[in-house]
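Report on one structure; see the data block that follows.
The values are calculated or read from the model by the stated rules, or taken from the named source; none is laboratory data. Note that the structure is a prediction, hence the values are computed from the model and not measured. Every residue, glycine among them, receives a Cβ derived from its backbone with ideal geometry; neighbour counts consider all protein chains shown. Accessible surface is based on the protein model in full, side chains and every heavy atom, while ligands, DNA and RNA are left aside. Shrake-Rupley method; radii C 1.70, N 1.55, O 1.52, S 1.80 Å.
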Amino acid sequence: QDVDMSAKIMQEMMNIEWGEFAIVFFLFFMGGYFLYASIFAAIGAMLNDDSELQSMMFIVMIPIFTAYMIGLTAAQDPNSSLAFWSSMVPFFSPIIMMSIWPYIPLWHIIVSLLILLFSVIFMTHLSAKLYRASILMYGQKATIGKFFKLLIN
C-alpha cells in the first residue's frame, strides 16, 4: 500500500507544470509577504513596548495557522466551497492557493490574486497612515480610539 501511494505521488509530481508553479508561487508569496509585512508594520506603529508587540503577534498568527489547517482540507477536495471561498480571503489565499492551484481554473487564480493585490495596497496605505499618526502622537499615550480618529481624517 505504501508503494502504491509513493507511485501515485510520483506520478502527480511528474504531471505538475513547474514553470506555472514557479509563477503562481512567486506571485502569491510576494503578495502574502507584503500583506503580512504591512500588518506587522501597522501593529508596530501602534505599540511602544516589545512585550506589547509579542502579545499582538499571536493575533497576526491566527490567520496563518487557520489557513494552514484549511489548506490541508482544501488539498483533499480542491473544488469544494471551502477551498473556493477561503482562497478568496487575502489572509488565507497565499497558503491555500499553493494547495489547490493545479486543480482550479485560471480565472479563479487571477481573481484571488487581484483580491490579494488590492488588499496589499489597502493595508499598505492603512499602515502608512497609522505610522504617520503615531509619529504625530509622539509623547502621548496611543489608544485605539485615537488611531481610528486619525485614520478617518
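Some notes on this structure:
- Meets criteria (part of a loop (DSSP other than H, G, I, E, B) and either buried (at least 17 other Cβ atoms within 10 Å of the Cβ) or not polar (S, T, N, Q) (or both)) for residue 90: yes
- When residues of the range 1-51 are limited to those that are part of a loop (DSSP other than H, G, I, E, B) and open to solvent by less than 100 Å² (accessible area, probe 1.4 Å), the one modelled with the lowest pLDDT: 49
- Of all the criteria given as (1) surrounded by fewer than 20 Cβ atoms within 10 Å (Cβ to Cβ); (2) among the hydroxyl-bearing types (Ser, Thr, Tyr); (3) at pLDDT 90 or above, the one not satisfied by residue 103 is (3).
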